[in-house]
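K.L.:
Take a look at the following structure, please.
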Amino acid sequence: MKIRRYLGSNTQEAILKVKMDLGNDAVILNTRKVRQKGFLKIFAKPMIEVLAAVDDDYGTKKEAQRQNISQQAAVKEPPKEIPAVKTDGKDEKISELETKVNSMEMLLHKIYDQLQPASAQPVLPQPVEQRAAEQKAEASPQEKQSTYPKVFELFYNNLIKNEVEIETAKRIIGLVMEKIGQNASVNDVASVLNNVISGILGKPETVRMREDGKPTVVMMVGPTGVGKTTTLAKIAANYALNHKKKVGMITADTYRIAAVEQLKTYAEILGMPVTVIYSPSELSEAINQHSDKDVILIDTAGRSHKNKAQFEELKTLISAANADEIYLLLSATTSPRNCKEIISNYNFLKDYKLLFTKLDETQITGIILNARFMTNKSLSYITTGQSVPDDIEIMNVDKITKNLLGSIT
Ligand SMILES: Nc1nc2c(ncn2[C@@H]2O[C@H](COP(=O)(O)OP(=O)(O)OP(=O)(O)O)[C@@H](O)[C@H]2O)c(=O)[nH]1
Ligand SMILES: [Mg+2]
């Protein structure tokens with residue numbers, strides 16, 4: 001039991017302080033009038049002192065509650081339409097002027113570079129095709145070195161430590177240098193870099209509900225064990241509990257023993273129907289069965305990106321589903337090389353959103369920037385643990401950007 005002392009100019013104020021600090025569970029042990037110490041304070045009005053007690057584990061409970069609320073709030077945020085182009089004329093004018101200033105800066109910068117001795121030249125951004133061709137599977141420490149001015153070098157190193165692809169990191173740093181010049185201050189570099197990275201990451205998009213009264217069909221795909229079924233259950237629970245939507249689930253995973261049981265268990269807890277299909281031809285009938293729902297979530301079996309036959313089957317299933325949204329799930333713990341390989345295996349998908357799982361297992365977030373840079377697909381949710389439904393949130397781009405920038409002190 002923790003005992004704390006609170007002072008207020010009256011009893012109400014002192015008790016309010018107790019509740020703000022310890023919550024409603026606090027027990028008031030004693031109240032009394034006290035005179036403040038010090039010569040001048042002798043003449044002041046007496047204060048009210050309240051002694052209050054609360055359980056030892058209150059702090060832990062409070063933190064858990066706080067996290068819970070913030071996660072729920074994150075998931076509760078209703079999906080918003082993101083306009084493809086800005087409609088505000090003023091904004092267009094500003095961005096037009098910005099582009100002009102940028103290209104003038106770039107021109108000046110190039111002239112300046114040409115006047116410099118060869119060894120002092122910075123590494124400038126390269127065209128996308130060249131970047132792809134030059135991307136090496138595993139870079140040697142020498143290849144990771146750069147010849148940037150100190151401040152840029154430090155930020156570049158942070159990106160590399162975060163496993164951002166070398167060519168992506170070089171391109172980003174090059175872009176920042178083009179924007180503000182080589183002699184910019186740390187703060188300016190950090191601020192422009194922040195803007196460039198958050199600009200690349202873009203605004204995350206969540207499930208966009210259909211507006212024609214038909215159910216929105218959402219499908220989860222991705223490598224084995226990344227968390228497709230668990231994430232599907234988290235999304236289902238959030239739609240049902242927070243948005244009061246009618247949710248149906250379909251599983252096409254009859255390959256792994258217990259896969260169906262896993263989804264059925266979640267469905268039972270959440271009080272939702274689940275349909276099991278054994279072949280892609282059964283899918284449209286299963287979707288019809290859920291025509292009274294607002295959202296239909298389809299779980300698929302984990303597919304190794306190395307298995308061509310399994311991939312063909314997945315393609316058939318995806319085309320049978322004709323889903324409104326497909327989420328490609330990637331574990332944040334995947335190595336950059338594997339991530340690249342997985343993504344290139346899924347490039348048969350016309351459109352999809354990127355969803356990263358297991359962010360609780362790693363501090364390294366370069367995979368997110370790499371994937372976004374490589375695919376240009378929208379980011380969406382992240383998952384941060386095994387708990388259903390709590391451990392899911394809409395990706396906080398600002399947080400990811402700050403993590404990628406790191407500290408250079
Ligand atoms: N630490 C952590 N574990 C997670 C997260 N999401 C899922 N898991 C765990 O990862 C394991 C696999 O999760 P599943 O949901 O079964 O993964 P899956 O992609 O459906 O797997 P397959 O269907 O076999 O391909 C389980 O132990 C989950 O509890 C997460 O965000 N963080
Ligand atoms: Mg599964």
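The values are calculated or read from the model by the stated rules, or taken from the named source; none is laboratory data. Note that the coordinates shown come from a computational prediction; the quantities given were computed from them, not determined experimentally. With ideal geometry, Cβ positions are generated from the backbone for all residues, glycine too; neighbour counts draw on all protein chains shown.
K.L.:
Only one residue in T401, T383, T316, T365 is more than 19 Å from I200 (Cβ to Cβ) and either under 13 Å from the mean Cα position of the chain (by Cα) or within 14 Å of ligand 1 (Cβ to nearest atom) (or both), so which one is that? Quick ask: steps written out before the conclusion?
P.N.:
Numbers: T401 fails: more than 19 Å from I200 (Cβ to Cβ); T316 fails: either under 13 Å from the mean Cα position of the chain (by Cα) or within 14 Å of ligand 1 (Cβ to nearest atom) (or both); T365 fails: more than 19 Å from I200 (Cβ to Cβ).
Sole residue among the options that is more than 19 Å from I200 (Cβ to Cβ) and either under 13 Å from the mean Cα position of the chain (by Cα) or within 14 Å of ligand 1 (Cβ to nearest atom) (or both): T383.
K.L.:
Sticking with this structure for a sec: Just give me the residues in segment 224-252 being free of Cβ contacts under 8 Å to residues at least 60 places away in the same chain and either part of a helix (DSSP H, G or I) or near ligand 1 (Cβ under 8 Å from one of its atoms) (or both), in sequence order. Don't jump to the end; show me each part of the working.
P.N.:
Going through segment 224-252, the residues free of Cβ contacts under 8 Å to residues at least 60 places away in the same chain turn out to be 239-240, 244-251.
Residues satisfying the conditions are Y239, A240.
K.L.:
Now for a different question. Given (1) within 21 Å of L329 (Cβ to Cβ); (2) part of a loop (DSSP other than H, G, I, E, B); (3) of a type in the set (D, E, K, R), identify the lone condition not met by K214.
P.N.:
Only one criterion is unmet by K214, namely (1).
K.L.:
So, one more: Quick check on my filter: what residues within segment 253-276 are near ligand 1 (Cβ under 10 Å from one of its atoms) and either free of Cβ contacts under 8 Å to residues at least 60 places away in the same chain or polar (S, T, N, Q) (or both)? Can you show your working first?
P.N.:
Taking segment 253-276 first, the residues near ligand 1 (Cβ under 10 Å from one of its atoms) are 253, 255-256, 258-259, 262-263, 266.
Passing the criteria: D253, Y255, R256, A258, A259, Q262, L263.
K.L.:
Next up: If a residue must be among the aliphatic types (A, V, I, L, M) and more than 16 Å from ligand 2 (Cβ to nearest atom), how many such residues does segment 271-310 contain? I'd like the intermediate steps shown before the answer.
P.N.:
Of the residues in segment 271-310, the ones among the aliphatic types (A, V, I, L, M) are 272, 274, 276-277, 283, 286-287, 295-298, 301, 309.
From what is left, the residues that are more than 16 Å from ligand 2 (Cβ to nearest atom) are 272, 283, 286-287, 295-296, 309.
Total satisfying the criteria: 7.
K.L.:
Does A267 satisfy being at negative phi and within 12 Å of ligand 2 (Cβ to nearest atom)?
P.N.:
Details: at negative phi: yes; within 12 Å of ligand 2 (Cβ to nearest atom): no.
For A267, the condition - at negative phi and within 12 Å of ligand 2 (Cβ to nearest atom) - is not met.
K.L.:
Please return the ranges of helices (runs of 4 or more DSSP H) entirely within segment 274-352 where 1 or more residues are under 26 Å from A237 (Cβ atoms). Write out each step before concluding.
P.N.:
On the way: elements: 283-289, 308-321, 336-345.
The qualifying helices (runs of 4 or more DSSP H) are 283-289, 308-321.
K.L.:
Then there is this: Kindly indicate whether V397 is aliphatic (A, V, I, L, M) and modelled with pLDDT of 95 or more. Steps first, please.
P.N.:
Details: aliphatic (A, V, I, L, M): yes; modelled with pLDDT of 95 or more: yes.
Yes.
K.L.:
Let me ask you something else. Would you check if there is a residue in segment 249-262 being hydrophobic (A, V, I, L, M, F, W, C), more than 16 Å from ligand 2 (Cβ to nearest atom) and either exposed (fewer than 15 other Cβ atoms within 10 Å of the Cβ) or in the same structural domain as K340 (by TED's automatic domain parsing) (or both)? Let's see the steps before the verdict.
P.N.:
As a first pass, look at segment 249-262 and keep what is hydrophobic (A, V, I, L, M, F, W, C): 249-250, 252, 257-260.
From what is left, the residues that are more than 16 Å from ligand 2 (Cβ to nearest atom) are none.
Within segment 249-262, none of the residues are hydrophobic (A, V, I, L, M, F, W, C), more than 16 Å from ligand 2 (Cβ to nearest atom) and either exposed (fewer than 15 other Cβ atoms within 10 Å of the Cβ) or in the same structural domain as K340 (by TED's automatic domain parsing) (or both).
K.L.:
Something else now. Scan segment 300-311 and tell me whether some residue there is under 30 Å from the mean Cα position of the chain (by Cα) and either of a type in the set (D, E) or under 14 Å from K246 (Cβ atoms) (or both).
P.N.:
Within segment 300-311, not a single residue is under 30 Å from the mean Cα position of the chain (by Cα) and either of a type in the set (D, E) or under 14 Å from K246 (Cβ atoms) (or both).
K.L.:
To continue, here is another question. Restricting to segment 375-389, name every residue that is at pLDDT 95 or above and among the aliphatic types (A, V, I, L, M).
P.N.:
Selection gives L379, I382.
K.L.:
Let me ask something else. Give segment 351-370 a look and list any residue that's touching a strand residue (DSSP E or B) at 6+ places or on another chain (Cβ under 8 Å) and in contact (Cβ under 8 Å) with a residue 60 or more places away in the chain, or say none.
P.N.:
Y352, K353, L355, T357, K358, I367, I368
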